[in-house]
Amino acid sequence: MNNRQVKLMQGNEACVEGALAAGMRFYAGYPITPSTEIAEFCAQRLPLVGGKFIQMEDEIAGMAATIGGSLAGLKSMTATSGPGFSLKQENIGYAALTEVPCVVVDVQRAGPSTGLPTAPSQGDIMQAKWGTHGDHPVIALSPTSVKETFDLTVKAFNLSEKYRTPVFLMLDEIVGHMREKIEIPNPDEIEIFDRVKPKVCDESYRAYRVDEGQIVPPMASFGEGFHFHVTGLMHDDYGFPSNDSGIADKLLRRIMSKISDNVDDIVLFEEEFIEDAEILILAYGCTYRSARSAAKQARAAGLKVGLFKALTIWPFPEKRVKELTKSIKKILVPELNLGQYAEEVERVVKNDAEVYSLGKVNGESITPEEILAKLREVL
Amino acid sequence: MSSQLIKNNFREDRLPHIWCPGCGHGIIMRSLAQAVENLNLEKQKVCVISGIGCSSRTPGYLDFNTLHTTHGRALAFATGVKLANPELKVIVVTGDGDCTAIGGNHLIHTARRNIDITAIVFNNNIYGMTGGQYSPTTPTNEFGTTAPFGNIDKAFDICKLADAAGATYTARGTAYHVNQLTKIIENAISNKGFSLVDAISICPTYYGRKNKKGAAVNMMNYLKDFAVDAKVVDKLPPEKLENKFIIGEFKNTTEPEYTEEYMKIIKKYQKER
């Protein structure tokens, strides 16, 4: 019998529900449109489950406290939008290098700068990949609906715990603010991954040593008896700073490879109308919704249009997209920026397919009609 | 042979420290370890957190839960750690630039919340790690590599700043008055709320050299000769206070503490356990 709760829910609220279901017990953030409801729901809900919410003095502090909460043992999250995402970048790099799991939600609004605070955008896609300085591992997910927001928030926590890295949940103003019907899965239907803890607390413990057969070092929490050191400097297996070029190289390559070696586990996508497609619409986030409508209309009009929904934005679903170019020679990428993801698609498919960008940055969403028109133009 | 204090509280294999000859930071670090020992704190519950700069290398040498964070942000990281696990004794080690310039916003808000964190500012009046630039505690008219014609900024009184922002314990000690500094740090840690210790250090390498303060011994003598204890300030005539700075406890009060207040909310509204 299906006894799942059915609700009409906003995307930002579904994010909080997903986070709580995944085990989030700590949130630190700063108010910013259009992500503020996430903070408000966390403030309301967390103490009810024994968790902690704190409104920090600024975005930077929100990120810092989130990392602190995770080091103290609680699954932690923060949420923001473009300007705040910019401010958080230094500490995001810190979490990447120190391998502290946490989830960072960016409800994208039109930028740069203050831009159009209440208007949707997908302009932070490249910032998610390259926002902090230095090479660093990146996982970013982008839901297209309220239900997917719930599911991908759970997934974001699981991936951050499994790979010990910050995970970005890239919402946009449309997905964050729209209300849809959502059937909430029962707790026993939700797969949860908790960080792997060290087994023995003795002299042999090294905070940053990866045990045989493991992807990441086991993670102790402060206060459990492991007197370990965490630093944003390059560090050895013990966690202590080192200027040794060999140690630095080994560390950075290791944290990069935990993602690059496990792309298949991280990459999520969905496809429709692929079989005989002559052109593929590759879309994500709110724009996918218009893309799907356009694809259906195009099919009804006899155009051979396929549809690819990228749920994992980073790492890029490289293998599958390359595979698709064996038969599909044209790819259209509609997005609320001036071709950030289209450029990545171009980089990946090289000369195997023509890539067409349909970008929009005036604060309005891309309509199915606009996508249809572009399809007719390039087919 | 290392002392019992070192054996008990330091990561001996991480020593010697990186600080310059004559730097006062090692003395303050020792005072901190002595205070932890005197208070009999459970080592696994002690968490020492720092930002970036000379002072911020301290946690690496101490055998506790230690966290070396980003420039200026130690108090924000510490707030997350403390709120997530209020059982931890959270001590932040920071510098004058780290705490009051780039981290100034976090300082005033951590003080305002009165969260149970002790911040010890290793105050050497200069940015040492980057090579001698003027900081918010470099006195007016003194020199730094970025103040080649004299500093026109006014200096912060960090204790007054923290006091005004809501800290419930403020005190100033020096690397010369070691026993007093240890006692101050003990009292700061014992205070259930936000405590600020302005620990005056010396930097012969940059601040001293740029301002012709002499060698480390001369700078230590300055701390000895120009510090006036808060207890006797009122009894001294104004001329005896000229160019002097005041050390000792300025504030020691009790007010509602942040994590305790939050736990009250949880206790009242929590539905599941």
Residue under evaluation B:Leu39, criteria (1) more than 16 Å from the chain's Cα centre (by Cα); (2) crowded, with 24+ Cβ neighbours inside 10 Å; (3) of a type outside the set (Asp, Glu); (4) away from chain A (no Cβ under 13 Å), criterion not met: (2)
Matching option when the condition is part of a loop (DSSP other than H, G, I, E, B), modelled with pLDDT of 95 or more and crowded, with 24+ Cβ neighbours inside 10 Å, among B:Gly22, B:Gly53: B:Gly53
query: Among the residues of the stretch A:197-208, which ones are surrounded by fewer than 19 Cβ atoms within 10 Å (Cβ to Cβ) and closer than 14 Å to A:Tyr163 by Cα?
result: A:Lys197
field: Pick from the stretch A:25-58, criterion without any contact (Cβ under 8 Å) to a residue 40 or more places away in the chain and aromatic (Phe, Trp, Tyr), ranking: farthest from the other protein chains (Cβ to nearest Cβ)
entry: A:Phe41
- prompt: Quick one: is A:Thr149 touching a Cys at 6+ places or on another chain (Cβ under 7 Å) and farther than 26 Å from A:Ser260 by Cβ?
  reply: yes
task: Select, from A:Ile266, A:Ile259, the only residue that is under 20 Å from A:His136 (Cβ atoms), away from every other protein chain (no Cβ under 12 Å) and in contact with a Leu (Cβ under 8 Å, 6 or more places away or on another chain).
output: A:Ile266
query: When the stretch B:97-128 is examined, which residues are found to be farther than 17 Å from B:Asn211 by Cα and in a loop (DSSP other than H, G, I, E, B)?
result: B:Gly103, B:Asn114, B:Ile115, B:Asp116
Residue that is nearest to B:Thr168 (Cα to Cα) [pool: residues in the stretch B:221-236 that are among the charged types (D, E, K, R) and in a helix (DSSP H, G or I)]: B:Asp234
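The rows are residues; the columns are (1) buried (at least 24 other Cβ atoms within 10 Å of the Cβ); (2) over 28 Å from A:Thr153 (Cβ atoms).
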site	(1), (2)
A:Ile279	no, yes
A:Tyr288	yes, no
A:Gly302	no, yes
A:Val305	yes, yes
A:Lys330	no, yes
A:Leu336	yes, no
A:Gln340	no, no
message: What's the total number of residues in the stretch B:240-269 that are more than 25 Å from B:Val178 (Cβ to Cβ) and modelled with pLDDT under 95?
response: 1
Residue count, the stretch A:82-127 (criterion: closer than 17 Å to A:Tyr30 by Cβ and in a strand (DSSP E or B)): 9
- prompt: If A:Asp188 passes every condition in (1) assigned to a helix (DSSP H, G or I); (2) within 14 Å of chain B (Cβ to nearest Cβ) but one, which one does it miss?
  reply: (2)
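Rundown of residues vs (1) closer than 19 Å to B:Gly26 by Cβ; (2) touching a residue at least 60 places away in the same chain (Cβ under 8 Å); (3) touching a strand residue (DSSP E or B) at 6+ places or on another chain (Cβ under 8 Å), yes/no style:
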site: B:Ala188; (1), (2), (3): no, yes, yes
site: B:Lys192; (1), (2), (3): no, yes, no
site: B:Leu196; (1), (2), (3): no, yes, yes
site: B:Ile202; (1), (2), (3): yes, yes, no
site: B:Lys213; (1), (2), (3): yes, no, no
site: B:Asp225; (1), (2), (3): no, no, no
site: B:Ala230; (1), (2), (3): no, no, yes
- prompt: Can you name every residue in the stretch B:58-81 that is part of a helix (DSSP H, G or I), more than 8 Å from chain A (Cβ to nearest Cβ) and closer than 16 Å to B:Gly26 by Cβ?
  reply: B:Thr58, B:Tyr61
message: Which of the numbered conditions does B:Thr170 fail, given that it passes all the others? Conditions: (1) assigned to a loop (DSSP other than H, G, I, E, B); (2) in contact (Cβ under 8 Å) with a residue 24 or more places away in the chain.
response: (1)
- prompt: Of all the residues that make up the stretch A:43-61, how many are under 25 Å from B:Leu107 (Cα atoms), in contact with a strand residue (DSSP E or B) (Cβ under 6 Å, 6 or more places away or on another chain) and not charged (D, E, K, R)?
  reply: 5
query: Does B:Lys224 satisfy being among the charged types (D, E, K, R) and crowded, with 20+ Cβ neighbours inside 10 Å?
result: no
- request: Considering each residue of the stretch A:249-273, count those that are loosely packed, with under 14 Cβ neighbours inside 10 Å and in contact with a strand residue (DSSP E or B) (Cβ under 8 Å, 6 or more places away or on another chain), and give that number.
  value: 1
Residue, farthest from the other protein chains (Cβ to nearest Cβ), within the stretch A:218-243, restricted to residues that are in contact (Cβ under 8 Å) with a residue 24 or more places away in the chain and in a strand (DSSP E or B): A:His235
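Being at pLDDT 95 or above, buried (at least 20 other Cβ atoms within 10 Å of the Cβ) and within 13 Å of another protein chain (Cβ to nearest Cβ): is that true of B:Ile91 here?
yes
Out of everything in the stretch B:237-273 that is part of a helix (DSSP H, G or I) and in contact (Cβ under 8 Å) with a residue 40 or more places away in the chain, what residue ends up being nearest to the other protein chains (Cβ to nearest Cβ)?
Selected residue: B:Tyr262.
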message: Quick check on A:Val100: is it more than 18 Å from A:Lys258 (Cβ to Cβ) and in contact with a helix residue (DSSP H, G or I) (Cβ under 7 Å, 6 or more places away or on another chain)?
response: no
Inter-residue pairs, beta-carbon under 7 Å, first within 7 Å of chain B (Cβ to nearest Cβ) and in the stretch A:59-72, second part of a helix (DSSP H, G or I) and among the basic types (Lys, Arg), 6+ apart: A:Ile60/A:Lys88
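I'm trying to understand the selection: among the residues of the stretch B:1-19, which are part of a helix (DSSP H, G or I) and either acidic (Asp, Glu) or within 13 Å of chain A (Cβ to nearest Cβ) (or both)?
B:Asn8, B:Asn9, B:Glu12, B:Asp13, B:Arg14
The values are calculated or read from the model by the stated rules, or taken from the named source; none is laboratory data. Computed from a predicted structure; not experimentally measured. FYI the Cβ positions are ideal-geometry reconstructions off the backbone, even for glycines, and counts take in every protein chain you see.
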